[in-house]
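> Please read through the structure below; I'll follow up with questions.
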Amino acid sequence: MSAYLMIAGFLLAMTLSRVAMAATDVSRNNPQPISELPINQDSQASEQFDIARGKMTNGDYLAAHKILRTLGIQGHANAQDVLASMYIQGLGVKIDRQKAMQWYCALAHQPQGGRLVSRALWMLAEYFRTGGGLPSKRYKGKSRENEDPYRAYFWFEIMARQKNYFQEIYQDGEKLGNIGRYIVARQLEEAEIDQIKHYLQQWEPKGPLASIESCLALPQG
């Protein structure tokens, strides 16, 4: 392993905690879902999201999940973010990292971009880079059995090239994307990277998606 790669890996690891701190803090004792993006639905959807947050505060995660899932399917960015956190932590649902990533994938298609979307891209890229792990000491159980550097590189590239896709740029996300794609690129053939770049020319954030289940099959899906 080259010295530069070791340094890049170290910088990537050092940044994980800072990115994780930006994550939605939804715990059993103090649910505080982030609501920083403009609500991309009407006022009724905004009211429903507030109702769901209230139910989470009261510990009624099942009822909150039902409301949030409806909003998430409609393309509500904040609902998608909270749903992903619920599946990561098992709040009202069984812990299911794949479903969490499906909601992050839907969130990654929000054209407005910004910190929340950039973090969704990061979670996706790290999920595929590690084969199912998550970029935080808070979430144990890193896996190497299902690594997919091809898809990890795809999402790192989108992070690094946010200005090509989103209305708002999150600069820290761009930096992380550049580091991540360098590390993952060493696992890929040149032809694979060229193929991914071809897909990147065609990709654009759109929402709501026809199916969040198929979202993780990108870029080839």
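Every number in this text was worked out from the coordinates using simple rules, so none of it is lab data. None of these values were measured; they are calculated from a predicted model. Cβ placement follows ideal geometry from the backbone for every residue including glycine, while neighbour counts extend to all protein chains displayed.
> From the phi of every residue in the range 70-87, what ³J(HN,Hα) in whole Hz does the Karplus formula 6.51 cos²θ - 1.76 cosθ + 1.60 yield, where θ is phi - 60° and glycine or proline is x?
Values per residue, Gly and Pro as x: 4, 5, x, 5, 6, x, 7, 4, 5, 5, 4, 5, 5, 4, 4, 5, 5, 6 Hz.
> Then there is this: Need one word for the range 147-221: rounded, prolate or oblate. Basis is the Cα gyration tensor (sqrt eigenvalues a ≥ b ≥ c); a/c below 1.5 gives rounded, then a/b vs b/c decides.
oblate
> Quick check on packing: order 52-60, 194-202, 153-161 by the mean number of other C-beta atoms within 10 Å, highest mean leading.
The densest-packed peptide leads the list: 153-161, 52-60, 194-202.
> I'd like the FRET efficiency for LYS175 and SER214, computed as 1/(1 + (r/R0)^6) with the beta carbon distance as r and R0 of 25 Å, rounded to 0.05.
0.25
> Something else about it: Name the long-range amide H neighbours of GLY113: under 5 Å, sequence gap of 5 or more, or other chain; modelled H, no Pro or chain starts.
Amide H neighbours of GLY113: GLN167, GLU168.
> Using alpha carbon centroids, what distance separates the range 90-120 and the range 59-86, in Å?
Each part's Cα centre sits 10 Å from the other's.
> Pull up all non-local amide H partners of GLN187: gap of 5 or more, or a different chain, and H-to-H distance under 5 Å with H placed in the peptide plane.
Long-range HN contacts for GLN187: none found.
> Taking 30 Å as R0, compute the FRET efficiency from the Cβ-Cβ separation of GLU190 and GLN112 and round it to 0.05.
0.30
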